[in-house]
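Just below is one structure, and these are the notes that go with it.
Read-outs throughout are calculated quantities, based only on the coordinates presented, and are distinct from any laboratory measurement. Keep in mind the model is a prediction, meaning the values are calculated, not measured. Cβ coordinates were reconstructed from backbone atoms using ideal geometry, including for glycine residues, and neighbour counts include every protein chain displayed.
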Amino acid sequence: MKSRPVNSLGEYSMDEKDRELLRVLESDSRIGHADLATMLNLSQNDIKKRILAMEKAGVIRKYTAVIDWKKAGHDGVTAVVEVKVSPESEFGYDRIADRVARFPEVKSLRLVTGSYDLQLIVCGRTMQEVSEFVSGQIASLESIRETVTHIVMKTYKEYGCELQRREGAERLPYSF
């Protein structure tokens, strides 16, 4: 494989095979290079080079596992926290988002449309711990105008993986 071109912003220039490779890795990052090569009709060497180039370019950021923490005996608490922010004149939401993202309790952070500006996924050992984190660390930041916290009661699906599927589950009835 020739080295992949880089655009004027220094970003990796992707082709359709790269996007196919990413879709497969996103569904299961443990698939070996030999299987990937067969699936995508490429050589193993080509697969290795493409993956390495995308890792170096920051396209592939991390490999991870989807864990069913309930089955692993973990009784932690997850919360979805919606945040209203006063954007800064030169930085918009970016500076406050950078600051919030540094907290290890914040597992996910997104700028969203709607009534709130940011959506956080926050994890802690107890509801009290999550509550203290939100009120003490997030709500107290200068740019934060309002927060709303939703405690996750049960997770049915995470990153495309069903966690609560029952074997032989019946179809749900419906009516008009």
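Below, the figures for the structure above:
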{"quantity": "Order by protection proxy (mean Cβ within 10 Å, highest first), peptides 73-82, 25-34", "calculated": "73-82, 25-34"}
{"quantity": "Debye-sum result for the chain in log10 I(q)/I(0), which assumes one identical scatterer on each alpha carbon, at q = 0.11 Å⁻¹", "calculated": "-0.73"}
{"quantity": "Expected 222 nm ellipticity per residue - DSSP helices of 4 or more, -39500 (n - 2.57), all of the chain, to 500", "calculated": "-8000 deg cm²/dmol"}
{"quantity": "Rounded tilt (10° steps) of 44-56 against the dominant C-alpha axis of the chain", "calculated": "30"}
{"quantity": "19 Å Cα-Cα reach of LYS70 towards lysines, excluding residues that sit fewer than 8 places from it in its own chain", "calculated": "LYS107, LYS154, LYS157"}
{"quantity": "Estimated inter-spin distance, LYS49 and THR113, nm [label 7 Å along Cα→Cβ]", "calculated": "4.1"}
{"quantity": "Linear extension gain, GLU16 paired with ARG102, 0.36 nm per residue minus alpha-carbon span", "calculated": "27.6 nm"}
{"quantity": "Distance in nm between pseudo-label sites at VAL148 and LYS56 (7 Å out along the Cβ direction from Cα)", "calculated": "4.7"}
{"quantity": "Reachable aspartates and glutamates, given that their alpha-carbon falls under 19 Å from the alpha-carbon of LYS71 and they are not under 8 places away in the same chain", "calculated": "GLU158, GLU162, GLU167"}
{"quantity": "Prolate/oblate/rounded label for the range 47-87 (Cα gyration tensor, a/c 1.5)", "calculated": "oblate"}
{"quantity": "Estimated distance in nm for a label pair at SER86 and ALA37, the labels positioned 7 Å out from Cα along Cα-to-Cβ", "calculated": "5.9"}
{"quantity": "Cα gyration tensor category, rounded, prolate or oblate, for the range 77-155 with a/c compared to 1.5", "calculated": "prolate"}
{"quantity": "Rounded, prolate or oblate (a/c below 1.5 giving rounded, otherwise prolate when a/b exceeds b/c) for the range 16-56 by Cα gyration tensor", "calculated": "rounded"}
{"quantity": "Exposure proxy order (Cβ contacts within 10 Å, fewest to most) of TYR63, TYR93", "calculated": "TYR63, TYR93"}
{"quantity": "Normalised contact order of the range 77-155, rounded percent, pairs of Cα under 8 Å and 6 or more residues apart", "calculated": "47"}
{"quantity": "Gain upon complete extension [GLN137, GLN164; 0.36 nm per residue less C-alpha separation]", "calculated": "6.5 nm"}
{"quantity": "All lysines inside 17 Å of LYS56 as judged from Cα atoms, apart from same-chain residues fewer than 8 positions distant", "calculated": "LYS2, LYS48"}
